[in-house]
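Here's the structure, in structure tokens; my notes come after.
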Amino acid sequence: MVPSRLLDTREGSSRVAGGETVVLPVLGRGGVPASGVGSVLVNVTATNVSQGSWVTVWPSGVVRPLASNLNPTAGQKSANLVLVGVGADGSVSLYNDRGPLDL
């Protein structure tokens, strides 16, 4: 598959606030098949980070895990490759713990 950007809050969306969860539909977008997919490999990048935080990525529709996938620092860009299951609705969830940032 050719990589495809499915989310960029710098482009027309609002930044992700501290304590906010973003639900990102992935099935049927960016070359991902609309069915038959159990997980996706995503590169999660945080930028315009206002304060140190942590970001968790998990299948939508289930309880958020306690572990973080990304630990951005204020003023720095951070990225991590995450293998994440796809929720029953075809989406993944991204949670930012503190301060606004862009994903």
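The values are calculated or read from the model by the stated rules, or taken from the named source; none is laboratory data. The shown structure was predicted, so the numbers you read here are calculated from the model rather than taken from an experiment. Cβ sites come from the backbone with ideal geometry, for glycine too, and all protein chains shown count toward neighbours.
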Practice task
Could you tell me whether segment 27-36 includes any residue that is without any contact (Cβ under 8 Å) to a residue 12 or more places away in the chain, under 15 Å from Pro100 (Cβ atoms) and not hydrophobic (A, V, I, L, M, F, W, C)?
Solution key: no
Problem - Hey, Asn43 among the polar types (S, T, N, Q), modelled with pLDDT of 95 or more and surrounded by fewer than 13 Cβ atoms within 10 Å (Cβ to Cβ) or not - result: yes
Exercise for the section: Could you please let me know if Val26 is among the aliphatic types (A, V, I, L, M), touching a Gly at 6+ places or on another chain (Cβ under 8 Å) and surrounded by 13 or more Cβ atoms within 10 Å (Cβ to Cβ)? Expected result: yes
Fill in the blank from the handout: Within segment 10-42, restricting to residues that are of a type in the set (A, V, I, L, M, F, W, C) and farther than 23 Å from Leu81 by Cβ, the one that is nearest to the chain's Cα centre (by Cα) is Ala17
Exercise for the section: Please name all residue pairs, on different chains or six or more residues apart, with Cβ atoms under 8 Å, provided the first residue is in segment 50-66 and is touching a residue at least 24 places away in the same chain (Cβ under 8 Å) and of a type in the set (Lys, Arg) and the second residue is surrounded by fewer than 16 Cβ atoms within 10 Å (Cβ to Cβ) and assigned to a strand (DSSP E or B). Expected result: Arg64/Thr21
